[in-house]
Amino acid sequence: MATVLDIAKHNPNATPQAVTDDARAAGRDALAIEKKAEITVSAAGQTSLVGLTRDELKDKLAAIGVPEREHKMRVAQLWHWIYFRGAKQFDEMTNVGKGLRAALTEAYTLARPQVVSEQVSKDGTRKWLIRMPSTGPLDKGAEIECVYIPEVDRGTLCVSSQVGCTLTCSFCHTGTQRLVRNLTSAEIVAQLIVARDCIGDWPDATPPEGAFVPTDGGRFVSNIVFMGMGEPLYNTDNVIAAIDVMSDGEGLTLSRRRITVSTSGVVPQMERLGAEANTMLAISLHAVRDDLRDVLVPINRKYDVKELLDACRAYPGLSNARRITFEYVMLKDVNDSDADARELVRLLKGIPAKINLIPFNPWPGSKYECSDWERIERFSEIVYRAGYASPVRTPRGRDILAACGQLKSETEKLRARARMMLEQGIGAEGVYALGDGE
Ligand code: SAH
Ligand code: SF4
């Protein structure tokens with residue numbers, strides 16, 4: 001069950017009852033709130049500058065005739081307004097001359113991708129269904145999901161790197177959906193911009209009433225995990241470019257140490273990720289033997305456990321202060337025995353590692369069950385005795401299908417019905433009563 005946080009601690013200025021007590025009183029204890037968020041569709045034919053890299057911005061300025069000698073200065077100005085202040089209109093850019101502002105407005109926008117829906121879990125987790133602008137007549141706009149997980153001392157944004165996934169891990173619902181395409185780096189960055197818009201994480205902005213946000217005085221989005229839809233290392237160029245934008249000290253300023261890229265084990269790309277993006281790495285291990293991992297994480301047939309762990313040992317910047325996280329989903333009677341736990345710690349010997357045990361999140365039609373709680377505890381105990389902290393990751397946002405492996409799972413099925421009900425003014429209760437099997 002998802003943790004219920006003390007909302008008052010999270011945002012002292014908020015109205016706590018907005019999400020929790022009132023909802024309970026109304027008998028909607030396990031339900032999420034859905035509302036149609038503000039829609040900011042880009043005007044036809046105009047490109048948004050939001051999410052672009054410095055080089056891409058330079059090209060856009062050149063295209064409207066800004067002389068090359070001004071490029072560096074103009075890019076710095078745009079960068080500050082777009083990524084530091086979260087500007088939505090060129091007119092806000094008071095230190096940019098009127099003429100250039102007019103030219104920019106004529107040619108471009110600062111539109112964000114469309115937020116089709118926002119769901120708020122009773123534990124404060126937020127999930128957005130985001131529609132990217134259409135890329136041509138045959139593209140109606142790719143849809144992806146992005147999840148915000150607030151805690152007292154951090155706010156983690158789980159971003160997607162692809163629409164769907166070409167890999168077919170047998171316990172993951174995303175893997176049952178065909179890949180539509182890779183996201184561009186701008187589309188990856190835009191997920192952070194949308195999140196910061198929605199939770200009021202810009203200078204002079206404030207969070208929505210009743211929102212859970214960290215209260216430690218830091219950024220509301222302080223951490224990024226590439227654990228949404230898709231395999232980030234099948235889209236490495238765009239993922240690295242997006243990380244460069246997100247971590248740029250003059251704009252979004254996220255620490256690279258607070259960005260974690262999770263991979264199912266695309267061995268040839270791991271070194272490059274470490275060398276170029278310098279982020280934290282998470283490995284979806286899930287099995288300690290090749291025969292089982294071949295089934296659970298089929299990319300194992302290409303790069304087996306030994307190759308994967310060798311690549312981990314060689315990951316640039318690895319140290320006790322910078323450990324690799326190994327994710328291990330707990331599947332009843334499949335990978336959860338004492339022998340599996342002992343083999344896990346044996347395999348990881350010598351690798352600075354953290355182990356994340358993830359209770360399996362079921363989805364309709366999945367052939368696995370989550371291990372019993374006693375089994376998870378026993379497994380965790382063995383791992384702990386071997387010297388690893390082994391937190392069992394508390395599922396967050398289960399009531400809105402925002403937990404690992406559930407992304408997009410029900411959304412497609414629910415979407416038509418949800419839209420219909422929203423249009424008819426029927427509350428989210430009806431939609432989410434279809435729920436996730438809990
Ligand atoms: N494709 C990347 C990142 C996205 S998946 C990867 O596989 O690492 C993010 C994490 O969620 C991975 O560890 C994945 O194995 C895990 N996951 C997928 N489906 C799950 C499910 N149904 N229950 C629990 N964890 C799941
Ligand atoms: Fe793709 Fe990761 Fe799901 Fe495997 S676990 S199918 S790599 S998203």
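Bear in mind these aren't lab numbers, they're just calculated from the coordinates by the rules spelled out. Computed from a predicted model, the values in this text were never measured in an experiment. In this analysis, Cβ positions are derived from the backbone assuming ideal geometry, glycine residues included, and neighbour counts consider all displayed protein chains.
Rounded to the nearest 20, the size of the Cβ-charge dipole of region 312-383 about its Cα centre is 540 debye, with Lys and Arg at +1 and Asp and Glu at -1. For region 55-92, trypsin sites (Lys or Arg not before Pro) meeting the loop criterion (DSSP other than H, G, I, E, B) and having at most 15 other Cβ atoms within 10 Å: 85.
By the beta-carbon count within 10 Å of each Cβ, the least crowded to most crowded order of 194, 297, 163, fewest first, is 163, 194, 297. In terms of its C-alpha gyration tensor, region 47-109 comes out rounded, because the ratio a/c of the largest to the smallest axis stays below 1.5. Charge tally around residue 239: other residues with Cβ under 12 Å, Lys/Arg +1 each, Asp/Glu -1 each, net -4. Once the C-beta distance of residue 271 and residue 166 is scaled by a Förster radius of 22 Å, the resulting FRET efficiency is 0.55 to the nearest 0.05. Beyond 19 Å, how much of the Cα-Cα pair distribution for region 201-297 remains, as a whole percent? Cα-Cα pairs in region 201-297 separated by more than 19 Å: 52 percent. Distance between the C-alpha centres of region 103-182 and region 296-366: 26 Å, rounded to the whole angstrom.
Label-to-label distance, residue 206 versus residue 105, with points set 7 angstrom from Cα along the beta-carbon direction: 2.9 nm.
Charged side chains reduced to their Cβ positions (Lys and Arg at +1, Asp and Glu at -1) give region 47-109 a dipole of some 160 debye around its Cα centre. Over the C-alpha trace of region 93-175, radius of gyration and Dmax come out as 18.1, 56 angstrom. Positive contributions from Lys and Arg (+1) and negative ones from Asp and Glu (-1), summed over other residues with Cβ under 12 Å from the Cβ of residue 68, come out at +2. The order of the peptides 360-367, 324-331 by mean Cβ neighbours within 10 Å, most packed first, is 324-331, 360-367.
Distant-in-sequence amide contacts of residue 354, defined by a placed amide H-H separation under 5 Å and a gap of 5 or more residues or a different chain, comprise 324, 325, 326.
Ordering 283, 224, 351 from the fewest to the most neighbouring beta carbons within 10 Å gives 351, 283, 224.
Taking the number of other C-beta atoms within 10 Å as the exposure measure, put 303, 83 in order starting with the fewest.
303, 83
Summing Lys and Arg as +1 and Asp and Glu as -1 over all other residues whose Cβ lies under 14 Å from the Cβ of residue 222 gives a net charge of +2.
For the pair residue 237 and residue 68, a Förster radius of 35 Å applied to the C-beta separation gives a FRET efficiency near 0.85, rounded to the nearest 0.05. Look at the dipole of region 62-191 built from charges on Cβ: of 120, 142, 168, the Cα furthest out on the positive end belongs to 142. Peptide packing for 289-295, 259-265 was compared via the average number of neighbouring C-beta atoms within 10 Å per residue; ordered from the highest value, the list is 259-265, 289-295.
Highest first, please rank the peptides 91-102, 46-57 by the mean number of other Cβ atoms sitting within 10 Å of their residues. Show your work: numbers first, answer last.
On the way: 91-102: 12.4, 46-57: 19.5.
Ranking the peptides 91-102, 46-57 by packing returns 46-57, 91-102.
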